[in-house]
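The values are calculated or read from the model by the stated rules, or taken from the named source; none is laboratory data. The structure presented is a predicted model; accordingly, all values stated were derived computationally and were not measured. For neighbour counting, all protein chains shown are included, and Cβ atoms are generated from backbone atoms with ideal geometry for every residue, glycine included. Heads up: the accessible areas ignore ligands, DNA and RNA and are worked out on the full protein's heavy atoms, side chains in. Shrake-Rupley method; radii C 1.70, N 1.55, O 1.52, S 1.80 Å.
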Amino acid sequence: AAAEAGGMGLTDLPGELLELIMCCGVLSAADIGRVSCTCRRLREVCQARGKVWRERFRLRWPSLLKYYSQTDNVNWLKEYKARHNAGLETQRIVASFSKRFFSEHVPCDGFSDIETLGCPGHFFEDELMSILNMEGRKCLTWKYYAKKILYFLRQQNILKNLKAYLERPEDQLSFLEGAVLIDQYCNPLSDICLTSVQAQVDDITDKVRKVLRTKNPRHPSLASKAGEVLIVPGVEFQRQVLDAMNCVLYEQLKYKGNEMDYYNSLNSYIHQVLIRRTGIPISLSVLYLTIARQLGVRLEPVNFPSHFLLRWCQGKEGSTDIFDYMYIDAFGKGKQLTVKECEYLIGHHVTEEFYGVVTSKEVLQRMVGNLLNLGKRESTDQSYQLLRDSLDLYLAMYPDNVQHLMLQARLYFHLGIWPEKVLDILQHVQVLDPSQHGAVGYLVQHTLEHIERRKEEVGPEVKHRSDEKHKDICFSIGLIMKHKRYGYNCVIYGWDPTCMMGQEWIRNMNVHSLPHGPHQPFYNVLVEDGSCRYAAQENLEYNLEPHEIPHPDIGRYFSEFTGTHYLANAELEIRYPEDLELTCATVQKIYSTVKE
């Protein structure tokens, strides 16, 4: 208005002021596009490589700026359009997943659309993160499949990085980097990066230096510059470093071995070790060794049975005499052990070979082996995700290991997923070890039968409540229920007019002891502990204090949580077309009665 009063138009304003106006958050990208078409002056202000489009890009997708250098001559308008189009394509793919894969696990080739996308991968990932970060309890199905896609994409990239890591010479390998790669692969949706982990380790190292400075201001390790590799001479100087480390790690920061919850997988993830300040012998050893080497003390990893250790040379460097070393137990607060004390630690004698140093790859193998064993122990995770991830890691390091290839094939067969991949694995095993033909033949036969049954499927079974055979069904899809006997909370995602399980299951679950036995409706339910169960109608009751059910598969079946019940997504509604209306009516009746 002031400009018009003085006889000035918008285009008469200085360029910097025009840029400031165009960069304000009020104008949309479409507004800027239209403004730039009005005259040459505004077109110059809104040029593709200028400040205006860079600011539009920053306001819309701030996390993406890290991919650009300040010195790059970027066409920001082109990048904006590319990111916008990538977002639309991402949404199309995510929306299609429920329709394509509702009845089965996403197959190996299910992600082929993503791998052939013409846009940068980080654009695609950014849109997936935007979907996952949507507020509220809506878009649950979109979030479910966005998470699966992001999980796949990140694991593929991490696997490439791991293979590149393993191809490097041994003297260029960092134990910490290897531990981070394992951590990233098993937790691909977490924000874990080597830079961040290294910064936390550096912070601990600085604390050790401060303690060392108070003990010995002239210590050789204090003279080193940032990034400089040094070797502290003499056993006594090295002992001072280790004493200072033990003071900081175990006395000041309270790190300790997790004896109370030893078999928790979090103990194996280096970023969790740093957060929780506890771990198992091998994860604490990687941390201890990394700090020691940064301070000039060369410790070496020892693949000791049942209890991973580090060794510290007391004699001539490179000695092959096991008695020339002290053995450090990072799990036991950095205690220094003799050979005899190492045997006391595990309760039996071992041969000299177990005191030898191991390579970075062997350290990773043991870390992954620990996770494999944990994955086999898990009983609540019905997807066996940890076992699947650790098998992927192991086979990335040792692709021709017949034992683990067979385990992977059996696992996929047990889960009923990826039958085509099972056949590929079995074919590879047969080439590697023909003596496995018996086990291979059995799995091949049953996998082919599974593939044939899948081809014969004619479409989803639709269950109408109005059918006479469904007259005894009392509950409906989406209701939050409580189990009368076991007390768990759950949500119904399917039902049968009578028990449809086999006689063995009915016998094992003692169904005949129920008053109505198997001749009553049974419900598929997602339970708050992450399990899926099949519950008899007489064992379920309405939950009068409904809340969200934290189950990983909730988005596979439901699109929204209303606060009292779940709304079936389009695919589930096709299968139970009359349940939605009944669920809403039931909820209204139940909770209005409760309020009264």
Quiz prompt | Among (1) open to solvent by less than 20 Å² (accessible area, probe 1.4 Å); (2) in a helix (DSSP H, G or I); (3) more than 21 Å from VAL94 (Cβ to Cβ), the one test that TYR523 misses | solution = (2)
Self-check item: Single match in GLU548, GLU560, GLU541 (criterion: over 17 Å from SER476 (Cβ atoms), open to solvent by 40 Å² or more (accessible area, probe 1.4 Å), among the acidic types (Asp, Glu) and touching a strand residue (DSSP E or B) at 6+ places or on another chain (Cβ under 8 Å))
Solution: GLU548
Exercise. Hey, can you tell me all the residues within the stretch 115-133 that are modelled with pLDDT of 90 or more and among the hydrophobic types (A, V, I, L, M, F, W, C)?
Key: PHE123, PHE124, LEU128, MET129, ILE131, LEU132
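Taking the conditions exactly as written (crowded, with 17+ Cβ neighbours inside 10 Å and within 30 Å of ALA409 (Cα to Cα)), does VAL458 satisfy them or not? If you could, list the steps in order and put the result at the bottom.
On the way: crowded, with 17+ Cβ neighbours inside 10 Å: no; within 30 Å of ALA409 (Cα to Cα): yes.
The answer is no for VAL458.
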Quiz item: Taking CYS584 and the conditions (1) modelled with pLDDT of 95 or more; (2) surrounded by fewer than 20 Cβ atoms within 10 Å (Cβ to Cβ), which numbered condition does it fall short on, given that it satisfies the others?
Solution: (1)
Quiz item: What residue, among those in the stretch 422-445 that are open to solvent by 50 Å² or more (accessible area, probe 1.4 Å) and aliphatic (A, V, I, L, M), is nearest to HIS404 (Cα to Cα)?
Solution: LEU432
Quiz item: If we keep just the residues of the stretch 394-421 that are open to solvent by 20 Å² or more (accessible area, probe 1.4 Å) and over 24 Å from the mean Cα position of the chain (by Cα), which is farthest from LEU371 (Cα to Cα)?
Solution: GLU420
Exercise. Identify the residue in the stretch 528-580 that is under 30 Å from the mean Cα position of the chain (by Cα) and among the aliphatic types (A, V, I, L, M) and, among all such residues, is farthest from MET481 (Cα to Cα).
Key: ALA570
Quiz item: Do we find that SER112 is modelled with pLDDT under 85, exposed (fewer than 13 other Cβ atoms within 10 Å of the Cβ) and under 29 Å from the mean Cα position of the chain (by Cα) in this structure?
Solution: yes
Self-check item: Residues within the stretch 282-299 that are touching a strand residue (DSSP E or B) at 6+ places or on another chain (Cβ under 8 Å) and not aliphatic (A, V, I, L, M), tallied
Solution: 3
Quiz item: In the stretch 497-507, is there at least one residue being within 30 Å of the chain's Cα centre (by Cα) and among the hydroxyl-bearing types (Ser, Thr, Tyr)?
Solution: no
Self-check item: Candidates GLY332, GLY318 - the one that is modelled with pLDDT of 95 or more and farther than 30 Å from HIS414 by Cβ
Solution: GLY332
Practice problem: Quickly run through the stretch 466-496 and pick out the residues that are in contact (Cβ under 8 Å) with a residue 60 or more places away in the chain, open to solvent by 40 Å² or more (accessible area, probe 1.4 Å) and either out of contact with any strand residue (DSSP E or B) (no Cβ under 6 Å at 6 or more places or on another chain) or under 13 Å from GLU573 (Cα atoms) (or both). | Solution: SER466, ASP472, CYS474
Practice problem: Return only the number of the condition from (1) open to solvent by less than 20 Å² (accessible area, probe 1.4 Å); (2) touching a residue at least 40 places away in the same chain (Cβ under 8 Å) that PRO305 does not satisfy. | Solution: (1)
Quiz prompt | Unique residue being of a type outside the set (A, V, I, L, M), open to solvent by 30 Å² or more (accessible area, probe 1.4 Å) and in contact (Cβ under 8 Å) with a residue 12 or more places away in the chain when the list is GLU571, GLU528, GLU504 | solution = GLU528
Quiz prompt | From GLY296, GLY318, residue being in contact (Cβ under 8 Å) with a residue 40 or more places away in the chain, assigned to a loop (DSSP other than H, G, I, E, B) and of a type outside the set (Phe, Trp, Tyr) | solution = GLY296
Quiz item: Of the residues ILE417, ILE451, which single one is part of a loop (DSSP other than H, G, I, E, B), closer than 30 Å to ALA570 by Cβ and β-branched (Val, Ile, Thr)?
Solution: ILE417
Quiz item: Taking into account only those residues within the stretch 14-30 that are surrounded by 14 or more Cβ atoms within 10 Å (Cβ to Cβ) and aliphatic (A, V, I, L, M), which is nearest to ARG58 (Cα to Cα)?
Solution: ALA29
